[in-house]
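Okay, structure first, notes after.
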Amino acid sequence: MKKTLVAVAAMAVVTGAMAQATLYGNIDQAYQKSTTTVAGVQTANTTGVASYQMGGSQIGVKGEEDLGGGMKASFLHEIGVTSDVDSSPTTRQAYVGLSGGFGALRVGKQYSNAFGNLISSDPFGATGGTGALYVAKILLGNQGTSGDNPLRQDKAIQYDLPSFVPGLRVGATKVASGTDTTDGSDPKTGDSTGYGIAYASGPFNVGFTTDSITAQDIAATSVTVTDSSKTKLTTLALGYDLGVAKVTFSDSKIMNTGQGVEVTMYAIAVPMGAATLMASQSNGKVVLTAGNTTLKGMQYGANYALSKRTTAYFHANNSTATTTANVVTKVKGYGIGLMHNF
């Protein structure tokens with residue numbers, strides 16, 4: 001056994017194999033409290049230790065290989081773990097790619113351009129009770145061929161054009177769901193085509209994405225889609241760093257046959273030494289032929305950097321959903337936690 005390990009180590013030194021692999025991840029734990037009321041009646045009250053206030057705990061490995069001639073091969077495999085209870089790990093991302101003068105190509109499960117665009121404008125990132133992703137469970141959850149699409153897209157081919165203009169990124173995505181079409185009549189449910197463009201220069205950044213998804217249900221709504229219908233998802237994000245604060249805006253919409261979800265968000269992040277104060281206001285609606293539901297949410301909190309890799313935080317949220325029949329659902333909550341990146 002020892003001889004085998006020595007041989008493998010020697011081979012790695014000689015060939016350079018494994019030299020470019022990087023292990024990374026994070027652990028997030030928080031004390032959280034959340035209450036839900038419907039028409040004035042409390043329906044849920046949860047208090048305890050939980051994860052996923054700042055970001056889902058994960059462990060991953062990534063790396064690249066220089067193929068010569070300006071071309072590189074890359075890979076990434078990222079596993080999501082639930083750090084507060086015993087559970088099975090899940091694949092967050094797993095892809096392989098090539099990059100060079102032609103641009104960059106990645107194949108596998110990976111974050112969508114829409115998701116990346118939205119979190120660029122939300123100081124709370126991909127989590128929290130409100131913010132741009134207050135409706136993450138509605139807008140970006142329970143979609144497509146997996147519970148992540150189009151947050152993380154399964155079976156995706158992503159291509160980024162070469163950067164002809166500094167700060168400009170243009171990309172396209174094709175999701176091939178693999179739906180059986182033996183007789184030629186079945187729809188390729190979950191197949192999608194998307195495009196994204198983003199530009200950043202100095203303190204300013206802007207991004208826009210659009211996706212067209214075949215026969216795509218819209219989570220948390222009663223929208224019934226047909227086999228041949230197309231669900232349209234668009235996102236717009238803007239940001240400007242004033243130095244003393246960064247202000248951001250986002251607008252997102254997912255619709256099918258005139259029904260779906262629309263959300264806008266305004267946010268601000270104020271750095272104060274090791275601390276960053278944050279707040280966001282979200283407004284939206286679920287649009288249905290049977291009537292609309294109005295969505296409102298506010299999130300506020302602070303992150304405190306104990307080091308470059310460890311952050312203590314306090315996040316709180318207050319959101320409401322009001323139907324045309326004036327049935328009001330309210331959700332309030334907060335989390336006090338610690339997150340470490342490695």
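Taken together, the values in this text are just the output of simple stated rules run on the coordinates, not laboratory data. None of these values were measured; they are calculated from a predicted model. Don't worry about glycine lacking a Cβ; one is built from the backbone with ideal geometry, like all the others, and counts go over all protein chains shown.
Compute the relative contact order of segment 27-341 as a whole-number percentage, counting only Cα pairs closer than 8 Å that sit 6 or more residues apart in sequence.
15
Test of understanding: express the Cα radius of gyration of segment 27-341 as a ratio to 2.2 N^0.38 Å, with N the residue count.
Computed over Cα atoms of segment 27-341, the ratio equals 1.03.
Run the numbers for SER163 and ALA94: contour at 0.36 nm per residue of separation, minus the present Cα-Cα distance, in nm.
Details: separation 69, 0.36 × 69 = 24.84 nm, distance 2.44 nm.
Working it through step by step, the gained length comes to 22.4 nm.
For the peptides 319-329, 167-177, 278-288, what is the packing order when you average, over each peptide's residues, the other Cβ atoms within 10 Å and list the highest mean first?
278-288, 167-177, 319-329
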